[in-house]
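The values are calculated or read from the model by the stated rules, or taken from the named source; none is laboratory data. Quantities reported herein were computed from a predicted structural model and do not represent experimental measurements. With ideal geometry, Cβ positions are generated from the backbone for all residues, glycine too; neighbour counts draw on all protein chains shown.
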Amino acid sequence: MPKNRISLLLTLMLTLSASFAFGNRVSKEMSWAELKSSGKINILNDKIEFGDALGHKMSIFNVCRTEDGNFASVAPRRICDEARTIGRSGPICESSDYRIVRFENKFVDYVCASPQCDTRQRLVKKLAKTISLAVYSRGEGRQGPYHQFLFNKQYTIPSCY
């Protein structure tokens, strides 16, 4: 009888540890909300510039597509209208306001213009309605924080209306 109890206890422990290990994994099948709330991932290519005086960027998750194909912020944001630099401290915002940000659907990309890539060509592109974002795991190692590529996942920018 004691052998059965020990084997039952071992089976139960293995089952619980396996379910805990697999329950903490992230997968491509998870929704974006589940992935972001897991606390285990970073999305490194989700920022786009929206053209204020400080060159701030906004996560693609905080924008929507307007009727004319451009973008708007989902919620009001603090926008710097005027900035100036004082010494080495970097730019300081002198005039700002909270408002919905509207901006054109365009970004600048640089591509190799020669086989050795010693010259690059500047291209102005539009962002597609559905984009591929790289999802990375994040962790802490001996040499500090690290990111490891997991998978690409499609994200469709929602309509504002």
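List of remarks:
- Any pair with Cβ under 8 angstrom, 6 or more apart, that starts in the range 117-136 at a residue that is without any contact (Cβ under 8 Å) to a residue 40 or more places away in the chain and within 30 Å of ARG25 (Cα to Cα) and ends at one that is charged (D, E, K, R) and surrounded by 11 or more Cβ atoms within 10 Å (Cβ to Cβ): SER132/LYS153
- Strands (runs of 3 or more DSSP E) within the range 81-142 that include 1 or more residues of a type in the set (S, T, N, Q) and either surrounded by fewer than 10 Cβ atoms within 10 Å (Cβ to Cβ) or under 22 Å from the mean Cα position of the chain (by Cα) (or both): 130-141
- Restricting the range 26-68 to residues that are over 14 Å from GLN154 (Cα atoms) and among the polar types (S, T, N, Q), the residue that is modelled with the highest pLDDT is THR66.
- Being in contact with a strand residue (DSSP E or B) (Cβ under 7 Å, 6 or more places away or on another chain), under 19 Å from TYR161 (Cβ atoms) and basic (Lys, Arg) is a property that ARG84 lacks.
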